[in-house]
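**Q** Provided herewith is a single structure, encoded as structure tokens, for subsequent inquiry.
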Amino acid sequence: MKITQYIKNKIERLPKGYVFTYDDFIGEVDSVEAIVKALNRMVDAGTIAKLSKGKYYKPEETVFGTLGPDRREVVKDLLEKNGKLIGYLTGYSIYNELGFTTQVSNTIQIGRAKPRPATKRGRYKIKFIVQKNTITKENVPLLQLLDVIRYIKEIPDASIDNSCQRMIALLREREPDFNSLVRLVKNYPPATRALLGAILEYVSDDFINNPFNITSLKNTLNPITKYQLKISESALPTKDHWNII
């Protein structure tokens with residue numbers, strides 16, 4: 001079978017929006033140059049689309065226009081390597097998903113263990129934040145919540161009071177492992193620890209059958225430091241206990 005026909009046949013079996021590179025064809029085709037030429041011809045023909053250098057995808061045509069790959073697909077190689085989790089979607093990538101804002105950003109933020117310069121893929125700008133905790137499948141949802149608290153001032157089209165109330169609602173809905181939250185937040189800045197502590201103190205009566213200890217969290221904070229987050233007492237009545245102003 002000709003190289004071009006083999007590549008076409010394999011791409012036809014891929015789902016819409018799937019992002020692939022020439023690496024997906026190496027093994028059956030030895031010549032990288034031949035693969036790249038075949039893919040670029042398919043781009044020119046409109047069969048596939050180019051996301052960024054060396055990355056392609058199958059566009060999906062709908063009544064609303066052409067759809068590209070979703071965010072996770074765009075950055076999947078930055079989230080996992082050789083079957084190991086190395087990053088997770090956070091920040092702007094999940095504010096809308098978690099209900100903190102109605103805005104959908106073209107910025108994708110990824111939490112990783114090591115710093116990395118920003119890059120761009122297609123219409124997306126990709127930024128990275130350093131995560132000091134070990135990233136595992138189990139703690140990613142907790143890290144996402146903690147990142148929201150850390151960057152609560154930066155959520156677009158949302159007041160801090162509303163974001164705080166949304167976080168309280170999420171904790172009540174999800175009832176996560178609160179002790180793990182307390183453990184993980186100790187690797188975050190003091191203001192994040194203080195805000196989580198105030199929120200957990202406020203919701204603690206709702207979880208008398210799932211108790212958690214926030215005393216150890218308070219012990220990590222300087223008792224005279226004030227945290228200027230501009231949250232109202234009506235949104236978070238326990239804020240004064242944690243020196244939040």
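**Q** Is it the case that some residue within the range 25-46 is in contact with a helix residue (DSSP H, G or I) (Cβ under 9 Å, 6 or more places away or on another chain) and under 30 Å from Gly91 (Cβ atoms)?
**A** Looking for residues that are in contact with a helix residue (DSSP H, G or I) (Cβ under 9 Å, 6 or more places away or on another chain) and under 30 Å from Gly91 (Cβ atoms), one finds none in the range 25-46, hence no.
**Q** If you go through the range 60-76 one residue at a time, do you hit one that is part of a loop (DSSP other than H, G, I, E, B), of a type in the set (Val, Ile, Thr) and modelled with pLDDT under 90?
**A** yes
Residue-by-condition table, conditions (1) of a type in the set (Asp, Glu); (2) at pLDDT 90 or above:
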| site | (1), (2) |
| --- | --- |
| Ala34 | no, no |
| Met42 | no, yes |
| Glu80 | yes, yes |
| Glu97 | yes, yes |
| Thr101 | no, yes |
| Asn106 | no, yes |
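**Q** Filter the range 1-25 down to the residues that are touching a residue at least 40 places away in the same chain (Cβ under 8 Å) and β-branched (Val, Ile, Thr) and list them by number.
**A** Of everything in the range 1-25, those that are touching a residue at least 40 places away in the same chain (Cβ under 8 Å) and β-branched (Val, Ile, Thr) turn out to be Ile11, Val19.
**Q** From Thr107, Thr136, grab the single residue that is of a type outside the set (Phe, Trp, Tyr), open to solvent by less than 50 Å² (accessible area, probe 1.4 Å) and without any contact (Cβ under 8 Å) to a residue 24 or more places away in the chain.
**A** Just one listed residue meets the conditions, Thr107.
**Q** Hey, can you tell me all the residues within the range 44-92 that are under 21 Å from Ile7 (Cβ atoms), open to solvent by less than 40 Å² (accessible area, probe 1.4 Å) and either out of contact with any strand residue (DSSP E or B) (no Cβ under 9 Å at 6 or more places or on another chain) or without any contact (Cβ under 8 Å) to a residue 40 or more places away in the chain (or both)?
**A** Passing the criteria: Ile48, Ala49, Gly54, Tyr56.
**Q** Next question. Mind counting the residues in the range 114-133 that are outside any strand (DSSP E or B), loosely packed, with under 14 Cβ neighbours inside 10 Å and not charged (D, E, K, R)?
**A** Of the residues in that region, 3 qualify.
**Q** Follow-up question, since we're still on this one. Among the residues of the range 142-176, how many are basic (Lys, Arg) and in contact (Cβ under 8 Å) with a residue 40 or more places away in the chain?
**A** Residues in the range 142-176 being basic (Lys, Arg) and in contact (Cβ under 8 Å) with a residue 40 or more places away in the chain: 3 in total.
The values are calculated or read from the model by the stated rules, or taken from the named source; none is laboratory data. Every value quoted in this text rests on a predicted model; they were computed, and no experiment measured them. No Cβ is skipped: glycine too gets one built from the backbone with ideal geometry, and neighbour counts run over all protein chains shown. Just the protein is used for accessible areas: all its heavy atoms, side chains included, with ligands, DNA and RNA removed. Shrake-Rupley method; radii C 1.70, N 1.55, O 1.52, S 1.80 Å.
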